[in-house]
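What follows is a short report on a single structure.
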Number of protein chains: 2
Amino acid sequence: MSDVTRLGILLSGRGSNFLALAQACAAGEVPAEIALVLSNVAGAEGIDRARQMGLETAVIEHRGLKRAEHERRVLAAVDSAGCEWICLAGYMRLLSKAFIERYPERILNIHPSLLPSFPGLDVHKQVLDYGVRVSGCTVHLVDAGLDTGPVVEQRVVWVNSDDTPETLASRVLHEEHIAYKAALHRLLVEPWVVEGRRVCFR
Amino acid sequence: MSDVTRLGILLSGRGSNFLALAQACAAGEVPAEIALVLSNVAGAEGIDRARQMGLETAVIEHRGLKRAEHERRVLAAVDSAGCEWICLAGYMRLLSKAFIERYPERILNIHPSLLPSFPGLDVHKQVLDYGVRVSGCTVHLVDAGLDTGPVVEQRVVWVNSDDTPETLASRVLHEEHIAYKAALHRLLVEPWVVEGRRVCFR
């Protein structure tokens, strides 16, 4: 179907954002279909779920491979599946500049904080240790930095005084699922351009 | 009145947050009174307004003085006015560790972003250039860093696609006025403690 965008999903774990995107595609909320679900970790729960859903899957382990060689194989798999966009869903590998330039402004990631606050790992612990009153999530185009690309969508979650990293993560995750499909929908349906580092919808 | 906390306000410009606090004190929304409004800039609009309101004022220009000497004079003025808390309202000077230790956990500042994002100056331009979808304001206890102290209160403002630094500033400022008096009220009325860098209300 030529009016439906082919998505490649990269994940390393359970991939709950992959599931949210898969449901949104299946429900017609996003004009896309999942062409490939790829993991760098054998046994990733997200891959099992993808297989159960009858989706095309691939496992390309990074262990034992040089970074460039691993990326080359990932890129070959994504290319051969005909992916037009790539959505990262808990993919715990930084993509090289060379990789990103193969899909310019066509790679999305989601991060469980209001970037530029709290990039990197252990986000909810960072948030609680800092003591902010508000957190959230950010969908962004991927550049070669760590969680630095142009922002497409953000959603807000208030921090409770008795939150643990787990309780906060749970509420943020709920917003992530909404934000990711909303961002992808806008990018596929509306005209937009990146000016400087701002994503401008027309 | 012993049940009313004496506030010292430090400002360098128009001090719109000072006016919001003054109104909140006058309306009984915050159990405090303004004991002194002090500026490091002669002709600061906030000082004129304070005089019109019949408040005690002081101007201690920093120009021509060494930092330590300027601070010594500011501290002497604040002390002799019997200030128990200090609220910064657009005071464009960093306070030294020595100053802060004279009012431990008794100095408040407000910053027009969701810290730790976008500390420093030209905040709304930083926000728009980065392309975030959400901004806001932060009331925090002051430590010796630049906009790094423990967070007391934050409020959220959505960024519009056609915002300029001026339009965004205007909406954030509205939330600042609400946040500042709310934060001060909580700190004066509720029991709280700083754990690590978290402000924990009991």
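For the range A:186-202, the tally of residues that are open to solvent by 70 Å² or more (accessible area, probe 1.4 Å) and more than 11 Å from every other protein chain (Cβ to nearest Cβ) stands at 3.
For every residue, the table says whether it meets (1) farther than 20 Å from A:His111 by Cβ; (2) over 15 Å from the mean Cα position of the chain (by Cα).
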| position | (1), (2) |
| --- | --- |
| A:Leu21 | no, no |
| A:Ala24 | no, no |
| A:Leu36 | yes, no |
| A:Arg51 | yes, yes |
| A:Glu71 | yes, yes |
| A:Ala76 | yes, yes |
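Contact annotation: residue pairs with Cβ atoms under 7 Å, 6 or more positions apart or on different chains, pairing a residue in the range A:86-102 that is surrounded by 20 or more Cβ atoms within 10 Å (Cβ to Cβ) with a partner that is of a type in the set (Phe, Trp, Tyr), are A:Ile86/A:Tyr103; A:Ala89/A:Phe18.
Starting from residues that are more than 17 Å from the chain's Cα centre (by Cα) and open to solvent by less than 20 Å² (accessible area, probe 1.4 Å), keep the ones in the range A:133-147 and report whichever is nearest to the other protein chains (Cβ to nearest Cβ). Looking at residues that are more than 17 Å from the chain's Cα centre (by Cα) and open to solvent by less than 20 Å² (accessible area, probe 1.4 Å), I get A:Val134.
Filtering B:Ala76, B:Ala81 for residues that are of a type in the set (A, V, I, L, M) and loosely packed, with under 15 Cβ neighbours inside 10 Å leaves a single hit, B:Ala76.
Taken over the range A:149-171, the criterion of being within 18 Å of A:Gly90 (Cβ to Cβ), open to solvent by 10 Å² or more (accessible area, probe 1.4 Å) and facing another protein chain (nearest Cβ under 10 Å) is satisfied by A:Glu153, A:Arg155. Every condition in (1) in contact with a Leu (Cβ under 9 Å, 6 or more places away or on another chain); (2) open to solvent by less than 20 Å² (accessible area, probe 1.4 Å); (3) closer than 19 Å to A:Ser16 by Cβ is met by A:Ser113 except one, and the failing one is (1). Could you tell me whether the range B:134-149 includes any residue that is over 21 Å from B:Arg14 (Cβ atoms), touching a residue at least 24 places away in the same chain (Cβ under 8 Å) and of a type in the set (Asp, Glu)? Looking for residues that are over 21 Å from B:Arg14 (Cβ atoms), touching a residue at least 24 places away in the same chain (Cβ under 8 Å) and of a type in the set (Asp, Glu), one finds at least one in the range B:134-149, hence yes. Restricted to the range B:41-66, and to residues there that are free of Cβ contacts under 8 Å to residues at least 24 places away in the same chain and of a type in the set (D, E, K, R), the residue that is most open to solvent (accessible area, probe 1.4 Å) is B:Arg63.
A:Ala182 meets each of the listed conditions (1) under 25 Å from B:Arg198 (Cα atoms); (2) open to solvent by 10 Å² or more (accessible area, probe 1.4 Å) apart from (1). Here is the figure for the range A:104-132: residues that are away from chain B (no Cβ under 14 Å) and either outside any loop (DSSP other than H, G, I, E, B) or over 14 Å from the mean Cα position of the chain (by Cα) (or both) total 6.
The values are calculated or read from the model by the stated rules, or taken from the named source; none is laboratory data. Since the model is a prediction, treat every value here as computed from it, not as a measurement. In this analysis, Cβ positions are derived from the backbone assuming ideal geometry, glycine residues included, and neighbour counts consider all displayed protein chains. To get the accessible areas, we keep the full protein, side chains included, count just its heavy atoms, and leave off ligands, DNA and RNA. Shrake-Rupley method; radii C 1.70, N 1.55, O 1.52, S 1.80 Å.
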